[in-house]
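The structure appears below as structure tokens.
A short reminder: the numbers here are calculations on the coordinates, not readings from a lab. Here the structure is a predicted model, which means the values were calculated and not measured. Quick reminder, even Gly has a Cβ in these numbers, built from the backbone with ideal geometry, and neighbours come from all protein chains shown.
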Amino acid sequence: MIEHQRQDVLKEIKHIVSKCDRCGTCLPVCPLFGIKGIELSSARGKNNIASSY
Ligand code: SF4
């Protein structure tokens, strides 16, 4: 049952992440990216991480 729920959550996450077209519009408005300058802290970076699972 728990494994089934985990698969459902992963499926939902993949669906959400697939909507990111890597346009980069989020970079200049992301406060974390502005402070750290590390793309992995932006929405696009987080989507890249999530899509690798
Ligand atoms: S998360 Fe960033 S890169 Fe992805 S679609 Fe939205 S604005 Fe574009």
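Just a few scattered comments:
- Cross-chain or 6+ apart pairs with Cβ under 7 Å, segment 10-25 first and under 11 Å from N47 (Cβ atoms), then surrounded by 10 or more Cβ atoms within 10 Å (Cβ to Cβ): I13/A50; V17/N47; V17/A50; V17/S51; C20/R44; C20/N47; R22/R44
- Note on the chain: among residues that are in a helix (DSSP H, G or I) and small (G, A, S), the one that is nearest to the ligand (Cβ to nearest atom) is A43.
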